[in-house]
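See structure below.
The values are calculated or read from the model by the stated rules, or taken from the named source; none is laboratory data. In this text the structure is predicted, and so the values were computed from the model without any measurement. We place every Cβ from the backbone using ideal geometry, glycine too, and count neighbours over all the protein chains shown. To get the accessible areas, we keep the full protein, side chains included, count just its heavy atoms, and leave off ligands, DNA and RNA. Shrake-Rupley method; radii C 1.70, N 1.55, O 1.52, S 1.80 Å.
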Amino acid sequence: MAVQKIFSLAFLTQLVFLALALGLTEANYGLRLGYYRKTCPDAELIVHRTTYQFISMVPTLAAPLLRMHFHDCFVRGCDGSILLNPTKSTQTEKLAIPNLSLRGYQVIDAAKSALEKKCPGVVSCADILALVTRDAVAMINGPYWDVHTGRRDGRVSLATEALSNLPAPFANITQLRQSFASKGLSAKDLVVLSGAHTIGIGHCFGFLNRLYNFTGKVDSDPSMDPKYVAQLKKKCKPELDLKTFVEMDPGSFRTFDDHYYTIVAKRRGLFQSDAALLDDYETRAYVNSHVKKPYVLSFGQDFAASMVKMGAIEVLTGKAGEIRKQCGFVN
């Protein structure tokens, strides 16, 4: 009986601790599950159905949508600023070089249009982007995660801020760790979220210097497998080209798995930021763990956890920002 009481007390203590932890998390983020339960009960279902309409026809849209969410959150937080169209007086984030290759805006706009018909002025574009990203990844057999909602939309979007805040494809490990730390993300989040490169494509201009002029002496990056360099040179010519692309995870770029880490371990990561994961003990250990035990469940779980953290970066809540009527324009 005494043992049972002790067990019950311990269990109750754990529940209280968990409740407090969740409460603190939601208080800090200003987000919560089921935020639209009363104001727009079908909000998440509408987003899901809209996303399915697109992903069922073009599954490869999942990768650019995931990238769009990442690029949004790293600039002014997850406020939908990536969605704002340029004006005569403002060059918005859309026009920044890292964002020129983004695709999938039509998915966000379609979901917003459907929601405005059902619940006008209620659901933010920032929340729509977060929900669409989660659903798109899950629809290609990637991990599923809970999306805490309640974000509001920002009114400011500047191309210059995208350039200064987004981690560059040529960043070294120190720069990458600093960039992620400035957003409240750990080294583990860095290596886990880099795993998003398991799907999608990479444009040649993002790694051209690694092939032809790495140190300014018409040389290639010695950290990249020379055989892979030769393969890439057949596709990517020395001239600056904004259109040509290659698979980031050759042979597996349509499948959300941990094969990306095998590619990195073989020194075949496309970008310097991929190769940099081998230059730090913590990130290298994570890479190697997935090479030795491929397709383990932990990557999906880790990715889901890191996406929840990323989705809460510097969010606008309460009376901050606005709920846009159209995602490409401030009200």
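For this structure, a couple of remarks:
- Within region 272-331, the chymotrypsin sites (Phe, Trp or Tyr not before Pro) that combine a DSSP coil assignment with at most 16 other C-beta atoms in a 10 angstrom radius are Tyr295.
- Summed side-chain charge close to Ala159 - residues other than Ala159 whose Cβ falls under 12 Å, Lys, Arg +1, Asp, Glu -1: -1
- About the Cα centre, charge dipole magnitude for region 64-181 (Lys/Arg +1, Asp/Glu -1 at Cβ), debye: 120 debye
- Cβ charges +1 (Lys, Arg) and -1 (Asp, Glu), total dipole of the chain, debye: 300 debye
- Based on C-alpha pairs under 8 angstrom that are at least 6 apart in sequence, region 176-331 has a relative contact order of 27 percent.
- Coupling constants for region 207-217 follow from the phi torsions by the Karplus curve (6.51 cos²θ - 1.76 cosθ + 1.60, θ = phi - 60°), and in residue order they are 9, 4, 4, 6, 9, 10, 8, 5, 10, x, 10 Hz; glycine and proline get x.
- Cross-link check: pairs Lys94/Lys235; Lys94/Lys319; Lys118/Lys183 evaluated at a Cα-Cα cut-off of 29 Å; pairs beyond the cut-off: Lys118/Lys183.
- Extension gain (nm, one decimal) between Val291 and Ala181, 0.36 nm per residue minus Cα-Cα: 37.0 nm
- Share of carbon and sulfur in the accessible area of region 216-277 stands at 58%, probe radius 1.4 Å.
- Fraction of accessible area attributable to carbon and sulfur, region 65-186 (%, probe 1.4 Å): 53 percent
- 1.4 Å probe accessible area per residue over region 73-128, in Å²: 38 Å²
- Annotation: aspartates and glutamates with alpha-carbon distance below 18 angstrom to Lys217 (same-chain offsets under eight excluded): Glu239.
- Relative contact order (%) - criterion: Cα under 8 Å, at least six apart; region: the chain: 25 percent
- Förster radius 22 Å - calculated FRET efficiency between Asn213 and Arg254, Cβ distance, rounded to 0.05: 0.10
- For Tyr260, net neighbour charge (Lys/Arg +1, Asp/Glu -1) across residues whose Cβ lies under 9 Å away: -4
- Heavy-atom accessible area per residue - region 198-331, 1.4 Å, Å²: 52 Å²
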